[in-house]
Amino acid sequence: MQKNHFNKQEMAKWMKLTLVKGVGPKRLQQLFSHFDSIDAIFSAKAEDLLRTGVMTQDMVENFEKLKAASDEKFESTIDFCASNGIMMVSLVEKKYPARLLGAGSPPCTLFLSGDASLLNSPKTFAVVGARAANDAAMKFAYDSVQQLANAGFVVVSGGAKGIDTQAHRSALDANGKTMVVMGTGFSYFYPEENRRLFEEIRKKGLLISEHLPNFPGDRISFLQRNRITSGLSDGLLFCASESLKSGTATQVKIAHSQKKPLFCPAMDMGISPNTGIQDAIAEYGVRQIRKADEIIAALEKKLEKEKAKVIIWG
């Protein structure tokens, strides 16, 4: 694995490497277990790459074509990021958050704007929910985030209308820290009406994207970001959800697959919509709570158990 941040030329090479068809995050990590730098990979002969067992013949041929391509468009993107305060972090660099590496299908490259140190905060928690949530759900989200922020948690959400916006706003109001995982590149803010909120978070928190700055977003990208939102977090609180087919419910499913602790408001609190919450309780055994203090206590108890295991087996 790389220990230092890529320079401009190395990052351009990295961007080319990530475009090799069939070479995803797992193969990229495997390549860097055979070669000690991006330059070594680019200098390797075709037979050396094949000998690793990481690349197939088709991948090597595709890689050779990409190596011969001009660096201009890649360096142009890097220059744009540098001039606009956007940090690029590759999967194999030391600054890449350890949490994401084990979260399943980690992004090959992260684009960051704001306080990048928040990625490695000791306590982070995701708070998400429906765009069209009722007042009870909005209050529950706001109050929960206040408690989490006051307990030192960095709050992660997706910047969408409704519960996501409420979560970010509550964290800022509590003078806490918050991170937005975007489904677009940094040249596009979605929803547009949250532009001022995003700009405030850029100054006081962190904006995160896995997409090139000029990517406008699509349905798939807004679903894919869910693995990052929960992947960066110690657990997930979802405050309102229409059904198990909604975007929020997809987030819950992904968080469950990542073995994250899942929490939701108690069913008698008047939260709406709540069909997805009912389904998730039945499907995943999500824990119902009334206040975020219950989340904090549960996570502290979990941490104590993990420390005890280390003492016993260490």
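Observations, loosely collected:
- Springs between Cα atoms under 10 Å define the GNM used for the chain, and in it the highest mean-square fluctuation of 237, 50, 100 occurs at 50.
- Rg/Rh for segment 8-85 stands at 0.99; both radii use Cα atoms, and Rh follows the Kirkwood definition.
- In the chain, a dipole from Cβ-located charges (positive for Lys and Arg, negative for Asp and Glu) runs towards its positive end, and of 217, 76, 89 it is 89 whose Cα lies farthest in that direction.
- Annotation note: trypsin sites (Lys or Arg not before Pro) in segment 74-114 located in DSSP loop regions with a Cβ neighbour count of at most 12 within 10 Å are 94.
- Among the trypsin sites (Lys or Arg not before Pro) found in segment 1-42, those both in a DSSP coil and sparsely packed, with 14 or fewer other Cβ atoms within 10 Å of their Cβ, are 3, 21.
- Amide H to amide H, with H built 1.01 Å from N, residue 124 comes under 5 Å of 154, 234, counting only residues 5 or more places away or on other chains.
- Plainly put, segment 114-303 has a radius of gyration that is 0.93 times its Kirkwood radius, both from alpha-carbon atoms, as the Rg/Rh ratio.
- Where both bridge residues fall in segment 68-214, DSSP classifies roughly 45% of the beta bridges as antiparallel.
- Span from the segment 105-133 Cα centroid across to the segment 23-63 one, whole angstrom: 30
- Pairs of Cα atoms nearer than 8 Å and 6+ residues apart set the relative contact order; for the chain it is 16 percent.
- Cα-centred dipole magnitude for the chain, charges only on beta-carbon of K, R (+1) and D, E (-1), debye, nearest 20: 500
- Beta bridges per DSSP with both ends in the chain, % antiparallel, nearest 5: 30
- With a simple spin-label model that places each label point 7 Å from the Cα along the Cα-to-Cβ direction, the separation between residue 214 and residue 199 comes to 2.4 nm.
- Difference of contour (0.36 nm per residue) and Cα-Cα distance, residue 161 to residue 143: 4.7 nm
- Multiplying the residue separation of residue 173 and residue 33 by 0.36 nm and removing their Cα-Cα distance gives an extension gain of 45.9 nm.
The numbers here are math on the coordinates, done by the rules we state, and not lab data. These numbers were taken from a predicted model, which means no experiment stands behind them. Positions of Cβ are generated from backbone atoms using ideal geometry, with glycine treated the same way; all protein chains shown enter the neighbour counts.
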